[in-house]
Amino acid sequence: MTSYEKMRSGNVYISTDETLLAIQAECLELQYDYNLTRPSEGEKRQALLNKMFAEIGEGSYIEPPLHANWAGRHVHFGKNVYANFNLTLVDDNDIYVGDNTMLGPNVVISTAGHPVEPELRSRGAQFNIPVRIGKNCWLGAGVIVLPGVTIGDNTVVGAGSVVTKDLPANVVAVGSPCRVLREIGAHDREYYYRDRKIADCDID
C-alpha cells in the first residue's frame, strides 16, 4: 500500500511522508492563487475551484480565503453550495457536501485525527475518516465538524457548535458537544426568526 493509499484508508499512518508532502505542496499552490484572486475575477475563481476540488457542482461558490490541507482535492460539493469566509477543510480524506447547503463564516470540517497515545502521536501519526453533510443543510458561523460525522438532509447546526456524532435529517442541533434541540416542523413553516412571520415578507 502506498503512503497516499494509507492516508485514505482510515488507518493510522505517518503523515510526514515526503511523497505526500510533495503532492500536497502542488495542491496548495493552487489554493494560494485562489486566495489572491480579486472579487471581479469570478471566472478565474471558478476555473481554479474546478482544478482544486474532486467535485464542485454548478452554482457552488466559496468566499476567499479558503484554507484546506489538500486545497479541496478530496472534497465533493454538490450544486449551489455556498461557503462564507474562512472555510477550513481538513481534507486528508473525503468530505461530501450536498446540494444547496450553506456554510457560515469560520466553519471547520475535519476528516483528520491523531492518536491519544503520546509516543505514537509524537511520530506524526494520523488517521482520516470521511465526513458527509447532506442536502439543504445550514451550518452556522464557527461550527466544527469532526472526523467520521454524517449530517442528514435539511438539518441546521447552530453557530459555534462542535459536532462530534452523527445528526439525523430535519432537525435543529446546537451546542458543544452538539445535540438535537428539536425537529424542523410547522412552526418553521410559519416563522423565519422568532416571532417574525414568513407571510409578512415580500418574497416570491
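Per the listing Ser176, Ser161, the residue uniquely at pLDDT 95 or above, surrounded by 17 or more Cβ atoms within 10 Å (Cβ to Cβ), more than 21 Å from Gly78 (Cβ to Cβ) and touching a strand residue (DSSP E or B) at 6+ places or on another chain (Cβ under 6 Å) is Ser161. For the condition touching a Gly at 6+ places or on another chain (Cβ under 9 Å), closer than 17 Å to Met102 by Cα, surrounded by fewer than 18 Cβ atoms within 10 Å (Cβ to Cβ) and hydroxyl-bearing (Ser, Thr, Tyr), Thr155 does not qualify.
State whether one or more residues within segment 29-43 are closer than 13 Å to Gly72 by Cα, surrounded by fewer than 16 Cβ atoms within 10 Å (Cβ to Cβ) and either among the acidic types (Asp, Glu) or more than 22 Å from the chain's Cα centre (by Cα) (or both). Yes - at least one qualifying residue is present in segment 29-43. All conditions in (1) without any contact (Cβ under 8 Å) to a residue 24 or more places away in the chain; (2) farther than 30 Å from Asp17 by Cα hold for Gly140, with the sole exception of (1).
Give me the helices (runs of 4 or more DSSP H) completely within segment 1-107, filtered to those with at least 2 residues that are closer than 29 Å to Glu117 by Cβ, of a type in the set (Val, Ile, Thr) and out of contact with any strand residue (DSSP E or B) (no Cβ under 9 Å at 6 or more places or on another chain), ordered by residue number.
On the way: elements: 3-8, 18-35, 42-52.
Fully inside segment 1-107 and qualifying: 18-35.
Among the residues of segment 31-48, the ones that are touching a helix residue (DSSP H, G or I) at 6+ places or on another chain (Cβ under 7 Å) and either of a type in the set (Gly, Ala, Ser) or farther than 12 Å from Asn69 by Cα (or both) come to 5 in all.
Kindly indicate whether any position in segment 88-96 is surrounded by fewer than 19 Cβ atoms within 10 Å (Cβ to Cβ), over 30 Å from Met1 (Cβ atoms), at pLDDT 95 or above and of a type in the set (Ser, Thr, Tyr). Taking every residue of segment 88-96 in turn, none turns out to be surrounded by fewer than 19 Cβ atoms within 10 Å (Cβ to Cβ), over 30 Å from Met1 (Cβ atoms), at pLDDT 95 or above and of a type in the set (Ser, Thr, Tyr).
The values are calculated or read from the model by the stated rules, or taken from the named source; none is laboratory data. This is a predicted model, so every value here is computed, not measured. Backbone-built Cβ (ideal geometry, glycine too); neighbour counts: all protein chains shown.
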